[in-house]
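The values are calculated or read from the model by the stated rules, or taken from the named source; none is laboratory data. None of these values were measured; they are calculated from a predicted model. Neighbour counts are summed over all protein chains in view; Cβ atoms, including those assigned to glycine, are modelled from backbone coordinates with ideal geometry. With ligands, DNA and RNA removed, areas are computed over all heavy atoms of the protein, side chains included. Shrake-Rupley method; radii C 1.70, N 1.55, O 1.52, S 1.80 Å.
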Amino acid sequence: MAAERRPEVQALLAERGEISIAELANRFAVSEMTIRRDLEALEEEGIARRVRGGAIATVSRGYEPPFATRAATSAAAKRAIAAVAAAYVEDGETAILDVGTTTLELAKALRGRRGITVVTPSLPVAVELANEPNIRVVVTGGIVRGGENSLVGALAERPFAELNCDVLFLGVGGLDAERGFTEYNLEDARIKRSAIDAARRTVVLADRSKFGRVCLATVAPIEAADVLVTDAAPEGPIAARAREADVDFVTVDLTEEL
């Protein structure tokens with residue numbers, strides 16, 4: 001559907017700078033005419049400029065699509081990833097839930113659990129779990145970043161230096177063999193690095209649209225992850241680098257979402 005396809009086209013453009021109609025048609029198994037309509041719509045939004053045979057981006061790697069747009073992208077994959085990831089925190093443990101659309105789905109998947117403490121710089125995650133009687137929610141504090149409702153700044157970083165958590169569920173903007181895990185926003189990237197330092201193990205939640213994408217701010221190398229939960233096993237350089245780093249791949253089954 002166009003509503004899911006166009007944000008992915010937009011993300012690919014932000015990552016690569018340009019892309020061809022033929023490649024997009026093959027990737028999404030649609031006609032070239034359909035892709036032309038997608039590119040026309042993105043051009044009207046000021047996101048792309050059409051050129052012969054394709055389009056070029058008019059935004060940089062630092063451009064972050066709106067939260068609602070990202071939430072609609074690969075929505076079924078994100079729900080499936082969250083359902084599997086929920087098993088990586090046991091009752092009685094302390095989990096850090098990062099900001100982002102996939103970690104928000106994880107918060108929904110944790111409802112009803114017992115004895116879990118959740119630490120989060122995400123206001124949507126905190127609100128999602130605020131009324132769960134058997135889950136304690138710790139909000140980091142900090143400055144609210146509009147649109148994302150994430151907490152950033154020194155007040156958001158400081159708590160992680162004083163906490164010893166069991167597991168971090170990390171959301172990322174991109175995953176690349178050389179650049180590792182990256183994020184659109186510099187301030188969010190700082191919080192993510194602090195959260196990695198505060199946890200014994202790190203579980204990265206990333207759907208296939210993140211593979212090969214490089215965003216503005218580097219968060220950490222692939223070696224920082226213990227587990228990668230995704231909807232498609234990575235291939236090529238990403239897979240090779242992850243195997244060298246002894247990162248476990250967990251690929252979810254999307255048939256349950258159909």
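Taken together, R213, R193 contain a single residue that is open to solvent by 10 Å² or more (accessible area, probe 1.4 Å) and under 24 Å from A154 (Cα atoms), which is R193. Here G112, G141, G92 are screened, and the one residue that is out of contact with any strand residue (DSSP E or B) (no Cβ under 8 Å at 6 or more places or on another chain) and surrounded by fewer than 16 Cβ atoms within 10 Å (Cβ to Cβ) is G112.
Is it true that S150 is more than 19 Å from A233 (Cα to Cα), at pLDDT below 95 and either surrounded by fewer than 21 Cβ atoms within 10 Å (Cβ to Cβ) or not aromatic (F, W, Y) (or both)? Give the steps one after another, and end with the answer.
Numbers: more than 19 Å from A233 (Cα to Cα): yes; at pLDDT below 95: yes; either surrounded by fewer than 21 Cβ atoms within 10 Å (Cβ to Cβ) or not aromatic (F, W, Y) (or both): yes.
When the stated conditions are applied, S150 passes them.
Considering only residues in the range 219-252 that are in contact with a Ser or Thr (Cβ under 7 Å, 6 or more places away or on another chain) and modelled with pLDDT of 95 or more, the one that is farthest from A95 (Cα to Cα) turns out to be V219. Taking residues in the range 27-47 that are over 24 Å from F211 (Cα atoms), and partners anywhere that are not β-branched (V, I, T), the pairs with Cβ atoms closer than 6 Å and at least 6 places apart or on different chains are E43/R50.
If you go through the range 233-252 and keep only what is in contact with a Phe, Trp or Tyr (Cβ under 7 Å, 6 or more places away or on another chain) and open to solvent by 30 Å² or more (accessible area, probe 1.4 Å), you end up with just A233.
Within the range 172-190, the set of residues being surrounded by fewer than 24 Cβ atoms within 10 Å (Cβ to Cβ) and either under 21 Å from Q10 (Cα atoms) or touching a helix residue (DSSP H, G or I) at 6+ places or on another chain (Cβ under 7 Å) (or both) comprises D176, A177, R179, G180, T182, Y184, N185, L186, R190.
Does T218 meet the test of being open to solvent by less than 20 Å² (accessible area, probe 1.4 Å), not aliphatic (A, V, I, L, M) and not in a helix (DSSP H, G or I)? No, not satisfied.
Just checking, which of G142, G153, G100, G174 is within 20 Å of T202 (Cα to Cα) and touching a Gly at 6+ places or on another chain (Cβ under 7 Å)? Only one candidate passes the filter, namely G100.
Say we look at the range 42-83 and pick out the residues that are open to solvent by 50 Å² or more (accessible area, probe 1.4 Å) and not in a loop (DSSP other than H, G, I, E, B); which of these is modelled with the highest pLDDT? Give the steps one after another, and end with the answer.
Here is the first cut: in the range 42-83, the ones open to solvent by 50 Å² or more (accessible area, probe 1.4 Å) are 43-45, 49-52, 58, 60-61, 63, 66, 68, 79, 83.
Cutting the leftovers down to not in a loop (DSSP other than H, G, I, E, B) gives us 43-44, 49-51, 68, 79, 83.
Working: E43: 83, E44: 80, R49: 81, R50: 87, V51: 86, A68: 63, R79: 92, A83: 95.
Residue satisfying both the conditions and the ranking: A83.
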